[in-house]
1. When region 84-120 is examined, which residues are found to be surrounded by 11 or more Cβ atoms within 10 Å (Cβ to Cβ) and part of a loop (DSSP other than H, G, I, E, B)?
2. Across region 142-155, what is the total count of residues that are modelled with pLDDT of 95 or more and outside any loop (DSSP other than H, G, I, E, B)?
3. For region 60-82, what are the residues that are under 18 Å from residue 112 (Cα atoms) and in contact with a helix residue (DSSP H, G or I) (Cβ under 7 Å, 6 or more places away or on another chain)?
4. Applying the selection to region 25-46, what residues are exposed (fewer than 12 other Cβ atoms within 10 Å of the Cβ) and within 16 Å of residue 88 (Cβ to Cβ)?
5. Of the conditions (1) in contact with a strand residue (DSSP E or B) (Cβ under 7 Å, 6 or more places away or on another chain); (2) part of a loop (DSSP other than H, G, I, E, B); (3) over 25 Å from residue 51 (Cα atoms), residue 136 fails just one. Which one is it?
6. Could you grab me the full set of residues in region 83-108 that are over 23 Å from residue 164 (Cα atoms) and in contact (Cβ under 8 Å) with a residue 24 or more places away in the chain?
7. For the subset of region 8-54 comprising residues that are part of a loop (DSSP other than H, G, I, E, B) and within 21 Å of residue 70 (Cβ to Cβ), which member is farthest from the chain's Cα centre (by Cα)?
8. Would you tally the residues in region 121-133 being assigned to a strand (DSSP E or B), over 15 Å from the mean Cα position of the chain (by Cα) and in contact (Cβ under 8 Å) with a residue 24 or more places away in the chain?
């Protein structure tokens with residue numbers, strides 16, 4: 001008999017890049033947590049694409065990453081990207097982003113980013129959006145792929161994602177109850 005198998009949920013991810021003179025980090029974190037609940041945050045020391053984003057957004061950019069504490073169905077990747085696009089439009093000034101929000105989904109086997117841009121290795125997920133396979137989990141660690149964005153290749157971001165994956169894995173293990 002042919003049948004489908006239930007898909008395990010994952011953790012939602014976001015990368016916020018924002019103009020620090022226009023937005024408070026605490027307000028953006030609250031916006032995220034009001035929607036998705038308690039999250040772990042991380043401040044990467046490197047952002048190799050800062051000059052690229054400064055052309056559109058201006059100088060004085062701050063960045064943080066967020067990963068939810070709670071698991072979400074994989075279908076939430078699409079919904080999280082649609083919401084992030086709405087937030088970016090709400091914060092835009094003269095049709096220029098002042099907040100850039102990349103969303104993704106971390107599962108036990110990979111890490112996906114949602115994107116508006118199609119390419120040969122990206123899979124359509126609905127509403128003109130695509131999933132980019134950014135890392136695969138193989139041989140006990142996240143492995144980048146030839147197309148992995150350069151701003152996700154540094155060891156500290158990979159360690160943050162690995163730590164989140166360990167939490168996700170632990171969430172599937174049965175908990176023992178004390179007598």
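1. 92, 97, 98, 107, 108, 109, 118
2. Of the residues in region 142-155, 3 are modelled with pLDDT of 95 or more and outside any loop (DSSP other than H, G, I, E, B).
3. Once the filter is applied, which keeps residues that are under 18 Å from residue 112 (Cα atoms) and in contact with a helix residue (DSSP H, G or I) (Cβ under 7 Å, 6 or more places away or on another chain), region 60-82 yields 64, 65, 66, 67, 68, 71.
4. Correct list: 27 only.
5. The one condition residue 136 does not meet is (2).
6. 85, 87, 91, 93, 96, 97, 98, 99
7. 8
8. Here is the first cut: in region 121-133, the residues assigned to a strand (DSSP E or B) are 122-126, 129-133.
Still in the running and over 15 Å from the mean Cα position of the chain (by Cα): 122-126.
Still in the list and also in contact (Cβ under 8 Å) with a residue 24 or more places away in the chain: 125-126.
The number of residues fulfilling the criteria is 2.
The values are calculated or read from the model by the stated rules, or taken from the named source; none is laboratory data. What you see is a predicted model, and the numbers here were worked out from it, not measured in a lab. Note that each Cβ is placed from the backbone with ideal geometry, even for glycine, and that neighbours are counted across all protein chains shown.
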